[in-house]
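Undergrad: Dropping a structure here in C-alpha cells format, bear with me for questions.
The values are calculated or read from the model by the stated rules, or taken from the named source; none is laboratory data. What you are looking at is a predicted structure, and each value in this text was computed from that prediction instead of being measured. All Cβ positions, glycine included, derive from the backbone under ideal geometry; neighbour counts span all protein chains shown. Ligands, DNA and RNA are stripped out before the accessible areas are found, and what is left, the full protein with its side chains, is counted by its heavy atoms. Shrake-Rupley method; radii C 1.70, N 1.55, O 1.52, S 1.80 Å.
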Amino acid sequence: QVQLVESGGGLVQAGASLRLSCAASGRTFSNYAMGWFRQAPGKEREFVAAISWSGGSTKYADSVKGRFTISRDNAKNTLYLQMNSLKPEDTGVYYCAAGGGTAQILATYYAYWGQGTQVTVSS
C-alpha cells in the first residue's frame, strides 16, 4: 500500500502560480511512477502530468505543456506540480497517483490515489 496526501491547493487569480505537493508513505516511493490528474465540476477526471520512477521521463497534457512542471524528490518521498500562468480552466480537484514504473497517461495504470486538493482560478 502507498498512502498519498496532496497539499498546496487554493484560490488564486488568473496568471498566478501554485505548487502542489504529494507526500507519500508506505511502500518505497521511488519504485513508482507518479501522475497528477484533475477533475473539474461535471467533468471526467483528466490526465495532467506524469513522471517515471527516476524522474528521467515526464509527460504532459497539451493543455498544460509549457506552464506546468512535474518533479519528484525520492529522498523526501514527495511529488510536486509547479503550476504557472494559471487559467480559469485549470480549476478542479487535483489528485496525485502512484503506479508501475514508467510515466503513463491512463488513470487505470495507477493503483494508488490521494484524496485530492482543490485549485480554483478566478478570472
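Undergrad: All but one of (1) free of Cβ contacts under 8 Å to residues at least 24 places away in the same chain; (2) more than 12 Å from Ala23 (Cα to Cα); (3) open to solvent by less than 50 Å² (accessible area, probe 1.4 Å); (4) more than 12 Å from the chain's Cα centre (by Cα) hold for Ser122; state the number of the condition that does not hold.
TA: (1)
Undergrad: So if I check each of Ser85, Ser57, Ser30, Ser52, which one is over 18 Å from Thr117 (Cβ atoms) and in contact with a Ser or Thr (Cβ under 6 Å, 6 or more places away or on another chain)?
TA: Sole residue among the options that is over 18 Å from Thr117 (Cβ atoms) and in contact with a Ser or Thr (Cβ under 6 Å, 6 or more places away or on another chain): Ser52.
Undergrad: Just the residues that are modelled with pLDDT of 95 or more, farther than 25 Å from Val12 by Cβ and not in a strand (DSSP E or B), please, taken from region 76-105.
TA: The answer is Asn77, and nothing else.
Undergrad: When the residues of region 72-100 are narrowed to those that are among the basic types (Lys, Arg) and more than 20 Å from Pro41 (Cα to Cα), which ends up nearest to the chain's Cα centre (by Cα)?
TA: Only one residue tops the list, namely Arg72.
Undergrad: Filter the strands (runs of 3 or more DSSP E) completely within region 31-70 down to those with at least 1 residues that are open to solvent by 10 Å² or more (accessible area, probe 1.4 Å) and over 19 Å from Gly101 (Cα atoms).
TA: Correct list: 33-39, 46-51.
Undergrad: Gly15 is checked against (1) without any contact (Cβ under 8 Å) to a residue 40 or more places away in the chain; (2) open to solvent by 30 Å² or more (accessible area, probe 1.4 Å); (3) assigned to a loop (DSSP other than H, G, I, E, B) and fails just one. What number does that condition carry?
TA: Unmet condition: (1).
Undergrad: Taking the criterion of being of a type in the set (Asp, Glu) and either at positive phi or in contact with a strand residue (DSSP E or B) (Cβ under 9 Å, 6 or more places away or on another chain) (or both), would at least one residue in region 38-52 satisfy it?
TA: Yes.
Undergrad: Can you tell me which residue among Ser21, Ser25 is open to solvent by less than 30 Å² (accessible area, probe 1.4 Å) and among the polar types (S, T, N, Q)?
TA: Working: Ser25 fails: open to solvent by less than 30 Å² (accessible area, probe 1.4 Å).
After applying the criteria, what remains is Ser21.
Undergrad: Take the conditions open to solvent by 10 Å² or more (accessible area, probe 1.4 Å), under 19 Å from Ser21 (Cα atoms) and touching a strand residue (DSSP E or B) at 6+ places or on another chain (Cβ under 8 Å) and apply them to Thr91. Does it pass?
TA: On the way: open to solvent by 10 Å² or more (accessible area, probe 1.4 Å): yes; under 19 Å from Ser21 (Cα atoms): yes; touching a strand residue (DSSP E or B) at 6+ places or on another chain (Cβ under 8 Å): yes.
Criteria met by Thr91.
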